[in-house]
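Taking it in order: structure first as structure tokens, then the write-up.
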Amino acid sequence: MVGNPCHIHENFMKRITYSLAFLTLALCALGCAPQPAGMGGLMGGSSGMPDMNRMEKKQELMQKLMADPQVPAWYTQREKITLSVGDRVFDKEFDQVFHSITVALASLEANVNNMERASGYLTTGLPRLRPERAEQLKKAMLIDYCKHNGYDPSLLEKKGPYEMDIDAFAGMSMKQQAMTISLVKQTATQTKVKIRFSNVNYPPELQEYYKVVWPAIDKQIFVDRAVD
């Protein structure tokens, strides 16, 4: 038996209204949309309505990024970078190199968390990169991550007030990032330095840190030698 068309239409419109109300409240709670003035604005046309399929994809991408920010290929790339540029040998006494490194770290704004001079071990925060370079690396990382996981990189764009900004979640990590420096006395006048980074996932970012840290240490060693 077919129900009353008017009654069916009324129920259908109620369901739409309740769904839109729930969506609006959820978005407002997340801070992704402005507070609504009333349901009339939502029902006034489809031009201002969010693309639900796109929003679902963005949410899925964001959750995956926060749960597992790794890409399998990045493991091998990071290993190659570390083996290539992670170790250096300086023709300087252990104490001189250690002193120069501690001064260089201050210039890099890498806060020292632990330092043991006797064992030649230091753990610090990550060196600060230039803001524009850090932003370039973050965007490149997100694009590579999307491609490796089968997402359209256009999802990274924020189209309208209803969409979340994935960039805001890109730097979030449950694991603490750090730089570890180990000094080993090879001879009375020769010191080996090993620099390692933990929880830096994107290989180009890892490479950038090495490009920043080694020149800073070289510069400080040169300055200290001139003072001596």
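The values are calculated or read from the model by the stated rules, or taken from the named source; none is laboratory data. Note that the structure is a prediction, hence the values are computed from the model and not measured. Here the Cβ positions follow ideal geometry from the backbone for every residue, glycine too, while neighbour counts run over all protein chains shown.
Figures for the structure shown
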{"item": "Meets criteria (outside the structural domain of Ser182 (by TED's automatic domain parsing) and out of contact with any Ser or Thr (no Cβ under 6 Å at 6 or more places or on another chain)) for Lys64", "result": "yes"}
{"item": "Cβ pairs under 6 Å, 6+ apart, first in the range 88-110 and closer than 11 Å to Ile217 by Cα, second among the charged types (D, E, K, R) and crowded, with 16+ Cβ neighbours inside 10 Å", "result": "Ser100/Asp224"}
{"item": "Members of the range 85-94 found to be assigned to a helix (DSSP H, G or I) and touching a helix residue (DSSP H, G or I) at 6+ places or on another chain (Cβ under 9 Å), listed by number", "result": "Val85"}
{"item": "Checklist (1) assigned to a helix (DSSP H, G or I); (2) of a type outside the set (Ser, Thr, Tyr); (3) surrounded by fewer than 14 Cβ atoms within 10 Å (Cβ to Cβ) applied to Val97, failing item", "result": "(3)"}
{"item": "Elements of type helices (runs of 4 or more DSSP H) contained in the range 123-228, each with 3 or more residues being loosely packed, with under 13 Cβ neighbours inside 10 Å", "result": "131-148, 203-227"}
{"item": "Any hit, the range 110-117, residues being in the same structural domain as Trp214 (by TED's automatic domain parsing), under 25 Å from Val193 (Cα atoms) and buried (at least 16 other Cβ atoms within 10 Å of the Cβ)", "result": "yes"}
{"item": "Any hit, the range 75-82, residues being within 21 Å of Glu205 (Cα to Cα), of a type in the set (A, V, I, L, M, F, W, C) and either touching a His at 6+ places or on another chain (Cβ under 6 Å) or in a helix (DSSP H, G or I) (or both)", "result": "yes"}
{"item": "Candidate set: the range 139-168, residues that are aliphatic (A, V, I, L, M) and touching a residue at least 12 places away in the same chain (Cβ under 8 Å); chosen: the one farthest from Leu61 (Cα to Cα)", "result": "Ala140"}
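This table checks each residue for (1) in contact with a strand residue (DSSP E or B) (Cβ under 8 Å, 6 or more places away or on another chain); (2) modelled with pLDDT under 95.
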| residue | (1), (2) |
| --- | --- |
| Ile81 | no, no |
| Val85 | no, no |
| Arg117 | no, yes |
| Gly125 | yes, no |
| Glu132 | no, no |
| Leu142 | no, yes |
| His148 | no, yes |
| Asp152 | no, yes |
| Lys159 | no, yes |
